[in-house]
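**Student:** Can you keep this structure in mind? I'll have questions shortly.
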Amino acid sequence: MNIRHSLFIAAFFCIVGFGPFSILSDIFSGRTNTAPQGSSDWIDQETRVIHSEADNLDTQVLKLSLTAYVNARQQGKDSREILTIVDYSKPSTERRLWVVDLRSNKVLFNTWVSHGRNSGDLNSTSFSNDARSLKSSIGVFETAEAYEGHNGYSLRVQGLERGFNDHAYAREVVFHGADYANPDVAKELGRLGRSWGCFAVGRDVAEELINTIKNRTVVVAYYPDQRWLKHSAYLNSSQV
């Protein structure tokens, strides 16, 4: 068999997806997870791949967020395979927000995000679903529509967990840009400025981030709250 014939056969197998050449095709295209989407093996493989790109994202938080994503997706709460993770167990001086494209296994954003004024100072320790609490909410959300508001370009979210965040839309807990949500403020104050419960990010990333995650993508706001970890329907891996 000459070289021309060998290359033809290799190309054929890459196209139809057979044999070892399909694996090479997946590697070059970024699709390295061969497990069925949503399975335990898929979650394990996604965790390894994503963590290799974002080593400041705790693996247990990532795995839990992927489990929540799968359960939300099974309910039709995702349209574009985009997952946003906020880890409120980290101080506001750290980049504790990640946006992950689960089609390409790429981390699109890793940036700073504020918490609510009454949730804590440097660290957030208290959360609420109540109106006028000025606290952040934890749990699983679905993004809704973008709009122009008093904080500029903003993004509404629907809380999916009763008792934890299902008042978020009515509370106007949104993603928006803010001057106080940047690392220069953190250096000056020893923490980010705080919102009234919104996911406030730096103005330099707000518009692009909002356009990336708007219109039915999943957001997981994590904190090791035992009541949430125990009772959330989205964190039960047996549903996956």
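**Student:** Taking 0.36 nm per residue of sequence separation and subtracting the Cα-Cα distance, how much length would be gained by fully extending the chain between residue 132 and residue 108, in nm to one decimal?
**Tutor:** 5.4 nm
**Student:** Based on the Cα gyration tensor of region 140-200, what are the three equivalent ellipsoid semi-axes, each the root of five times an eigenvalue, rounded to whole Å and given largest first?
**Tutor:** Square roots of five times the eigenvalues give 24, 14, 8 Å.
**Student:** For residue 188 and residue 215, FRET efficiency with R0 = 35 Å and r from the beta-carbon atoms, rounded to 0.05?
**Tutor:** 0.50
**Student:** Counting alpha carbon pairs within less than 8 Å and at least 6 residues apart, what relative contact order, in whole percent, applies to region 163-240?
**Tutor:** About 28 percent, as a whole number.
**Student:** Also, I was wondering about something else. State the extension gain, in nm to one decimal, for the chain segment bounded by residue 229 and residue 44, taking 0.36 nm per residue of separation less the distance between their alpha-carbons.
**Tutor:** 64.7 nm
**Student:** If we count every other residue with Cβ under 9 angstrom of residue 182's Cβ, Lys/Arg +1 and Asp/Glu -1, where does the sum land?
**Tutor:** Cβ neighbours under 9 Å give a net charge of -2.
**Student:** Looking only at Cα atoms, what is the convex hull volume of region 78-195 per residue, in Å³?
**Tutor:** 106
**Student:** Something else about it: Can you compute the modelled spin-label distance between residue 117 and residue 207, with each label point 7 Å from Cα toward Cβ, in nm?
**Tutor:** Going by the 7 Å Cα→Cβ label model, 2.8 nm.
**Student:** Per Stokes-Einstein, at 20 °C and 1.002 mPa s, what whole-number D in µm² s⁻¹ belongs to region 192-240, with the Kirkwood radius over Cα pairs as the hydrodynamic radius?
**Tutor:** In µm²/s, the coefficient is 156.
Coordinate-derived values only; no laboratory data. Bear in mind that the values here come from a model prediction, so they are computed numbers and not experimental data. Every residue, glycine as well, gets a Cβ built from its backbone with ideal geometry; the counts of neighbours run over all protein chains shown.
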